[in-house]
Amino acid sequence: MKIDAVIFDCDGLMFDTEIVAQQIWRDEGKKYGITYPEDFFQKITGAGGRDNARYIASIPGLGDILPKIRAKRFDLDFWRSINTDCLNRKGLIELFTYLEEHNYKVAICSSSARAYVEALINTCSKPLKYDVIVCGDMVTHAKPDPEIFLRGAAELGVSPANCLVLEDSKQGILAAKAAGMRSCFIPDTIVPDDEMKAALDLQRDSLLDVITLLEENREDI
């Protein structure tokens with residue numbers, strides 16, 4: 001299967017933000033005596049939309065403080081103030097450079113709002129070249145629904161079968177499978193469960209390893 005386009009998630013995949021985000025959830029929860037289910041972060045990482053909001057609201061007391069958490073989690077001034085390149089996950093700039101040099105089409109498809117995603121992208125010292133960006137505030141259905149990836153592929157003008165999705169979350173891996181795309185899991189804070197293992201196609205330790213993957217499998221991965 002020839003890969004013509006690479007689709008990136010953002011949080012936790014391109015940038016090391018998930019640990020910071022989880023600490024915000026924990027700190028606010030502790031402050032108000034809220035206990036999170038054991039699989040809480042597994043369920044919300046990479047997700048969004050009404051289903052995710054309903055799940056969060058089902059946890060006693062959490063709905064009441066959700067606006068406070070979101071205000072801290074998506075404080076654009078905070079993320080814009082981050083030192084250059086300190087959030088970059090290993091191989092980020094190298095992979096984007098490789099994709100540009102080898103004429104791959106590139107999309108960034110994140111469940112987060114566009115202004116937040118662009119704030120993170122702007123923390124890179126080297127501008128990241130991409131063709132399309134689709135964010136959570138630009139679609140109707142959130143991951144694991146495939147809408148965001150299918151829209152990315154459509155705007156790139158590439159068949160879903162010729163797209164490789166890079167993800168760090170279960171919701172993203174399930175969305176890629178539903179979209180008919182190949183997926184590569186790059187671990188961050190999530191440990192794959194059986195459902196996720198069954199859905200993912202490939203796994204690599206870092207974005208840097210994706211370069212080797214593409215080099216070794218130009219025609220068929």
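Observations
- Between Ser183 and Val165, Asp201, Leu202, the built amide H atoms are under 5 Å apart, and every one of these is 5 or more places off in sequence or on another chain.
- Ala161 paired with Asp131, simple spin-label distance in nm, labels 7 Å along Cα-to-beta-carbon: 1.8 nm
- Here the contact order of the chain, divided by its residue count and restricted to Cα pairs under 8 Å and six or more residues apart, works out to 29 percent.
- Ordering of 55-65, 7-17, 199-209 by packing is 7-17, 199-209, 55-65, highest average first (other Cβ atoms within 10 Å, averaged per residue).
- Identified option (computed semi-axes √(5λ) of the Cα gyration tensor in Å; candidates (i) 35, 23, 18; (ii) 29, 19, 15; (iii) 74, 18, 13): (ii)
- Size of electric dipole in region 52-148: Cβ of Lys, Arg +1 and of Asp, Glu -1, about Cα centre, debye, nearest 20: 280 debye
- Across the cross-link table entries Lys2/Lys72; Lys126/Lys197; Lys2/Lys90; Lys31/Lys126; Lys68/Lys177, which are compared at the Cα atoms, the separations over 32 Å belong to Lys2/Lys72; Lys126/Lys197; Lys31/Lys126; Lys68/Lys177.
- Only Lys, Arg, Asp and Glu carry charge here, each on its Cβ (+1 for the first two, -1 for the last two); on that basis the chain has a dipole of about 660 debye about its Cα centre.
- Computed [θ] at 222 nm, deg cm²/dmol, the chain (DSSP H ≥ 4; -39,500 (n - 2.57); rounded to nearest 500): -12500 deg cm²/dmol
- In range of the label at Lys31: residues from region 69-84 whose backbone nitrogen is under 14 Å from the point 7 Å along Cα→Cβ: 69-75
- Rh by Kirkwood over Cα pairs, then Stokes-Einstein D for region 43-150 at 1.567 mPa s and 4 °C, µm²/s: 83 µm²/s
- Integer Hz, Karplus 6.51/-1.76/1.60 couplings in order for region 115-126, x for Gly and Pro: 4, 5, 4, 5, 4, 5, 4, 6, 7, 7, 6, 10
Taken together, the values in this text are just the output of simple stated rules run on the coordinates, not laboratory data. Since this is a predicted model, take the numbers as computed values, not measurements. Neighbour counts are summed over all protein chains in view; Cβ atoms, including those assigned to glycine, are modelled from backbone coordinates with ideal geometry.
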